[in-house]
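Engineer: Quick one: the structure is below, questions incoming.
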Amino acid sequence: MPVHQVIEIDTALPKPPRAHVLVLYTGGTLGMQYDPSGQYLVPFDFSQTLERLPELRRFDFRITVITLTPLLDSANITPAHWQEWASIIEEHYAAYDGFVILHGTDTMAYSASALSFMFENLTKPIIFTGAQLPIGEARNDARSNLITALEIAAMKHTDGRARVPEVCVYFDYHLWRGNRVKKVESEDFDAFDSPNYPFLAKAGIRIRFQDSYILPHPSEKPMQVHKHFDPAVALVRLYPGMPLSLMEAVLLHPAAKAVVLQSYGSGTAPTDAHFLRLLEKALQADKILLNVSQCYGGRVVQGAYETSYTLEKIGVLSAEDMTVEAAITKLMFLLGKESPKEELKRLIKENLRGEITK
Ligand code: ASN
């Protein structure tokens, strides 16, 4: 296990802190700053947080920052990292009011989806945030994303329960459900969107929550962390003229236990007999086929058109309005549980953490 740097920041001193927030700094653009020569971007040193972000003193928090080693561009993130972060949060769960994960934006939608499935009966917020411009740039989105994510992670109802007991993404003044977001923009600050589910909160002069869209607190059930992922999931995005031989190579490959089929529109695919026979062959080989739309928003409705009716008939499962990021991580998570096939298929279609609108 690599040794991680741990820094304690008490913005409340000499008073006792109002809330305890644990920050995991995993890498990405947010935490970069210029070195003293002003030439290179290097990771932000969180031991200087209060000097660099004096506005945090207004919060009266105790903030523990764990800087993970090595810091990662999020393109390098794997399920092993999700397991490590989940273990750290599990270990410190009782001692903190909320958790913030500083993460690169590129794969944040996958990580937020993955952690949403890992944590069952969550009673505290786990908020992913990042930035398009580093905290060390004069003009940046990092400061406000970090500061508001910390504030939301510490927020409670008057009865003491956390305001948002969910895995979320906070970005560009919006709080989203983690398993509903997609990275949609690589230059502007509005990097994320949640096409099929409304924002949970919007930060303006006040932070305005949409309580009816936030998951309810679990009733008395203990929080559980599921850490095993099986990444044997392939992704095939259909396009007109796709050679069947290429598709066969993926669908029948022994390393693919499940295949996400990115179909068109509301879940349509060719009615060509060879194509359908190949899907049947994969299903007979005990693979799970999950139909996710290439569309940005909307849902898969197998049977709405003739071109999706047969998919339903032969046993392709519909991802309904799940994002492709949620579909892939949900399959990895469910395959990791090693449940019997029928149970697995039932759970894929079930709304486990608010990832599907039923
Ligand atoms: N490449 C970076 C990452 O995902 C992009 C970012 O954080 N804005 O780690």
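The values are calculated or read from the model by the stated rules, or taken from the named source; none is laboratory data. Note that the coordinates shown come from a computational prediction; the quantities given were computed from them, not determined experimentally. For neighbour counting, all protein chains shown are included, and Cβ atoms are generated from backbone atoms with ideal geometry for every residue, glycine included.
Engineer: Filter region 171-201 down to residues that are more than 14 Å from the ligand (Cβ to nearest atom) and under 12 Å from Asn145 (Cα atoms) and give me whichever is surrounded by the most Cβ atoms within 10 Å (Cβ to Cβ).
Structural biologist: Leu175
Engineer: Any idea which residue in region 301-322 is farthest from Pro195 (Cα to Cα), counting only those that are over 21 Å from the mean Cα position of the chain (by Cα) and part of a loop (DSSP other than H, G, I, E, B)? If you could, list the steps in order and put the result at the bottom.
Structural biologist: Taking region 301-322 and keeping what is over 21 Å from the mean Cα position of the chain (by Cα), we get 301-317.
Restricting the remaining residues to those that are part of a loop (DSSP other than H, G, I, E, B) gives 301-305, 315-316.
Working: Val301: 17, Gln302: 20, Gly303: 23, Ala304: 21, Tyr305: 23, Gly315: 27, Val316: 24 Å.
In this case the residue turns out to be Gly315.
Engineer: Can you pull out the residues in region 48-83 that are more than 15 Å from the ligand (Cβ to nearest atom), without any contact (Cβ under 8 Å) to a residue 40 or more places away in the chain and under 26 Å from the mean Cα position of the chain (by Cα)?
Structural biologist: The one that is more than 15 Å from the ligand (Cβ to nearest atom), without any contact (Cβ under 8 Å) to a residue 40 or more places away in the chain and under 26 Å from the mean Cα position of the chain (by Cα): Ala80.
Engineer: Sticking with this one: Please find, among Asn145, Asn121, Asn140, the residue that is within 16 Å of the ligand (Cβ to nearest atom) and surrounded by fewer than 24 Cβ atoms within 10 Å (Cβ to Cβ). Don't jump to the end; show me each part of the working.
Structural biologist: Working: Asn145 fails: surrounded by fewer than 24 Cβ atoms within 10 Å (Cβ to Cβ); Asn121 fails: within 16 Å of the ligand (Cβ to nearest atom).
The match here is Asn140.
Engineer: Okay, next question. Taking the criterion of being modelled with pLDDT of 95 or more, within 30 Å of Pro216 (Cα to Cα) and charged (D, E, K, R), would at least one residue in region 288-301 satisfy it?
Structural biologist: yes
Engineer: Additional query: Could you check region 98-173 for strands (runs of 3 or more DSSP E) lying wholly inside it with 1 or more residues that are more than 21 Å from Thr323 (Cβ to Cβ)? Give the derivation first.
Structural biologist: Details: elements: 98-102, 126-129, 167-171.
Strands (runs of 3 or more DSSP E) meeting the threshold: 98-102.
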